[in-house]
Amino acid sequence: MDQGLAAVLGAGVGVVGTLGTACVTYLATRHQAKDQERVEHGQWLRQQRQRAYEDFLVAYDRFAGAATAMEDALQVRRTEGLEELAVNLKDAIEDFGSARVRVAVAGPHFASQSAGRIAILFQDVRRLLLAWRDAQTAGDDTTELSTQLQNKRGKTQLAYRDFVRDARTVLESPAPAAGGTSRWRGARSESSDREP
C-alpha cells in the first residue's frame with residue numbers, strides 16, 4: 001500500500017469517527033433535553049394537582065361546615081336564620097362544584113371519580129337538609145330525613161377518606177411522563193365501583 005493511500009484512508013477513518021462522535025453527542029444531548037422537559041412537565045403537573053386537591057378540600061370543609069350549621073339549627077327546631085343557612089349551603093355547594101371541576105381537569109381519572117362521589121353525596125345532603133327544613137316548617141315528622149342524613153354523612157366521610165387516599169397516591173407517585181404511557185392506568189380507588 002502506498003503512503004498516500006494510507007494517509008487518505010487514515011484521514012477518512014478520522015472523519016467518520018469524528019462524525020460518529022458528533023452524531024452520538026447530538027442524540028444524547030437531544031434525549032437529555034427531552035428528559036428534562038418531561039421532568040419539568042411532571043413537576044408542573046404535580047403542582048397543579050396539589051393546588052386543585054387543596055382547593056377541593058377547602059371547599060369540602062366549607063360545605064361540611066354549612067351543612068353542620070343547618071343540621072344543628074334543624075335539630076333544635078330553630079326557625080330564625082334558616083333561610084340564611086340555606087343560602088350559605090347553596091353558595092358552599094357552588095364553590096364545591098367549581099373545586100370539583102378543577103380536580104377533574106387536573107386528574108387523573110380515579111381522583112376525579114373520588115371527588116365526583118363526594119359531589120353526588122353533597123347534593124343528596126343538601127336535598128335532605130332542605131326537605132327537613134320544609135317538613136319541619138309544615139309540622140311533619142322529620143325522623144326519617146334525619147336518619148337518611150346520618151347515613152349520607154357516614155358515606156361522605158368514607159368518600160372523603162377515599163379521596164384523600166387517592167390524592168396522596170397521585171402526589172406521592174412518580175410524575176407521569178409527558179406523552180408517555182400513563183403510569184396511572186389501573187391505579188384507581190378500591191371503592192370506585194362502590195355506590196355512594
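The values are calculated or read from the model by the stated rules, or taken from the named source; none is laboratory data. Note that the structure is a prediction, hence the values are computed from the model and not measured. Quick note on the areas: whole protein, heavy atoms, side chains included, nothing else; ligands and nucleic acids left out. Shrake-Rupley method; radii C 1.70, N 1.55, O 1.52, S 1.80 Å.
So, with a 1.4 angstrom probe, what is the percent of accessible area on the range 22-93 that is carbon and sulfur? It would help to have the intermediate numbers written out before the result.
Working: 2520 of 4670 Å².
Of all accessible area on the range 22-93, carbon and sulfur atoms account for 54 percent.
Going Cα to Cα from LYS90, which lysines come in below 20 Å? Please leave out same-chain ones fewer than 8 positions away.
LYS152
For ARG161 and ASP91, compute 0.36 nm times the residue count separating them, minus their Cα-Cα distance, and round to one decimal in nm.
Numbers: separation 70, 0.36 × 70 = 25.20 nm, distance 2.37 nm.
Contour length minus Cα-Cα distance gives 22.8 nm.
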